[in-house]
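None of the figures in this text is laboratory data; all of them are computed from the coordinates on show. Everything quoted here is computed from the prediction, not taken from an experiment. FYI the Cβ positions are ideal-geometry reconstructions off the backbone, even for glycines, and counts take in every protein chain you see.
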Amino acid sequence: MYAVIESGGKQYRVSEGDVIRVEKLEAQAGVAVEFDRVLLVGKDGAAPVMGAPYVPGGKVTGTVKDQGRHDKIFIFKLRRRKNYRRRAGHKQAYTQVQITGIHAG
């Protein structure tokens, strides 16, 4: 069984046991989280249940494994011959979640 969920403005295809990194959630490690924005639920060999936009009663549960930050990316701006240089860096925060259950509703 698999599902497509929406979290933090992005969509993820998940199955039970998967470990995904989503945009930062306000939850400590070991806490159960629930994703109620389920766009699609499918089973192998069967037609998927699609929502409009969400599957009614559908939810995906998971457990927070870790909070962290991605590697730093550098932003560099340059205007040639104008003595203009700007350098900045950014580390995006994430939450690592292990999927424990998928419910079609």
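Structure notes:
- Reported to the nearest whole Å, the Cα centre-to-centre distance from the stretch 1-49 to the stretch 58-105 is 17.
- Estimated distance in nm for a label pair at LEU78 and ALA27, the labels positioned 7 Å out from Cα along Cα-to-Cβ: 4.4
- The chain: relative contact order as a whole-number percent, Cα under 8 Å and 6+ apart: 33
- In nm, spacing of pseudo-spin labels at ARG69 and ASP44 (7 Å Cα→C-beta vector): 4.1
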